[in-house]
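S.K.: Have a look at the structure that comes next, please.
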Amino acid sequence: MDQTMPSIVLIIISVILSACGQVAMKMGASSLTSNNDMLLLKFLHYFTNLPIMVGLALYGLSAFIWIAALEKVQLSYAYPMAALGYVLVAVLSFLIFNEPLSLTRIAGLAIIVVGVVVISQS
């Protein structure tokens, strides 16, 4: 098997964790009821919100896995793979938050997937 396969697995895991972190943070943000504009109170609400904290933890774990992948592959190869996060977040947002997926958005996401596939062949 190709030597970069474990790196691709690390990249995919990182992208999945990052996307799940984004979804968790959106869940937390959606549950906030305070309209307070005071920065300190906003941070207090963020740091006491479990979904936001889970999202940040997933995001942090994603970063460490990403670094492990970068030890093995070129950044110019790995970074475009992160674009798969856009696709995953769009699909999860559609499924979880009932956000619309227009034909234009689907076409854009398909272009991203094609681009990632092309880059992965290099």
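The values are calculated or read from the model by the stated rules, or taken from the named source; none is laboratory data. Here the structure is a predicted model, which is why all the values come from computation and not from measurement. Please note: Cβ atoms are built from the backbone with ideal geometry, for glycine as well, and neighbour counts cover all protein chains shown. Accessible surface areas use protein heavy atoms only, side chains included; no ligands, DNA or RNA. Shrake-Rupley method; radii C 1.70, N 1.55, O 1.52, S 1.80 Å.
S.K.: Taking Ala24 as meeting all but one of (1) modelled with pLDDT under 85; (2) farther than 13 Å from Ala69 by Cβ, write down the number of the exception.
M.R.: Evaluating Ala24 over (1) modelled with pLDDT under 85; (2) farther than 13 Å from Ala69 by Cβ leaves (1) as the failure.
S.K.: Next question, about the same structure. Spot the failing condition for Asn35; the list is (1) under 27 Å from Ile112 (Cα atoms); (2) surrounded by fewer than 17 Cβ atoms within 10 Å (Cβ to Cβ); (3) not basic (Lys, Arg), and only one is missed.
M.R.: (1)
S.K.: Return the pairs, sorted by first residue and then second, in which the second residue is β-branched (Val, Ile, Thr) and open to solvent by less than 50 Å² (accessible area, probe 1.4 Å), the first residue lies in segment 28-40 and is without any contact (Cβ under 8 Å) to a residue 60 or more places away in the chain, the beta carbons are less than 7 Å apart, and the residues are 6+ apart or on different chains.
M.R.: Final answer for the pair search is Gly28/Ile52; Ala29/Ile52.
S.K.: Now, a different point. Checking the conditions here, which among Ile8, Ile13 is at pLDDT 95 or above, surrounded by 14 or more Cβ atoms within 10 Å (Cβ to Cβ) and either β-branched (Val, Ile, Thr) or more than 28 Å from Tyr79 (Cα to Cα) (or both)?
M.R.: Testing whether each residue is at pLDDT 95 or above, surrounded by 14 or more Cβ atoms within 10 Å (Cβ to Cβ) and either β-branched (Val, Ile, Thr) or more than 28 Å from Tyr79 (Cα to Cα) (or both) leaves just Ile13.
S.K.: Are any of the residues in segment 23-40 within 30 Å of Ser122 (Cα to Cα), touching a Leu at 6+ places or on another chain (Cβ under 9 Å) and of a type outside the set (Gly, Ala, Ser)?
M.R.: No.
S.K.: Oh, and also: If you scan segment 38-59, which residues turn out to be open to solvent by less than 90 Å² (accessible area, probe 1.4 Å), more than 18 Å from the chain's Cα centre (by Cα) and of a type in the set (A, V, I, L, M, F, W, C)?
M.R.: The one that is open to solvent by less than 90 Å² (accessible area, probe 1.4 Å), more than 18 Å from the chain's Cα centre (by Cα) and of a type in the set (A, V, I, L, M, F, W, C): Leu41.
S.K.: A further question follows. Residues of segment 3-51 being among the charged types (D, E, K, R) and closer than 23 Å to Ser93 by Cα, which ones?
M.R.: If the condition is that a residue be among the charged types (D, E, K, R) and closer than 23 Å to Ser93 by Cα, then Lys26 is the only one that fits.
S.K.: Looking only at residues that are over 10 Å from Ser14 (Cβ atoms) and of a type in the set (Phe, Trp, Tyr) in segment 60-118, which one is least open to solvent (accessible area, probe 1.4 Å)?
M.R.: The qualifying residue least open to solvent (accessible area, probe 1.4 Å) is Tyr77.
S.K.: May I pose another question? For segment 60-91, enumerate the residues that are part of a helix (DSSP H, G or I) and not hydrophobic (A, V, I, L, M, F, W, C).
M.R.: Gly60, Ser62, Ser76, Tyr77, Tyr79, Pro80, Gly85, Tyr86
S.K.: Taking segment 16-32 as the region of interest, how many residues are open to solvent by 70 Å² or more (accessible area, probe 1.4 Å) and over 18 Å from the mean Cα position of the chain (by Cα)?
M.R.: 0
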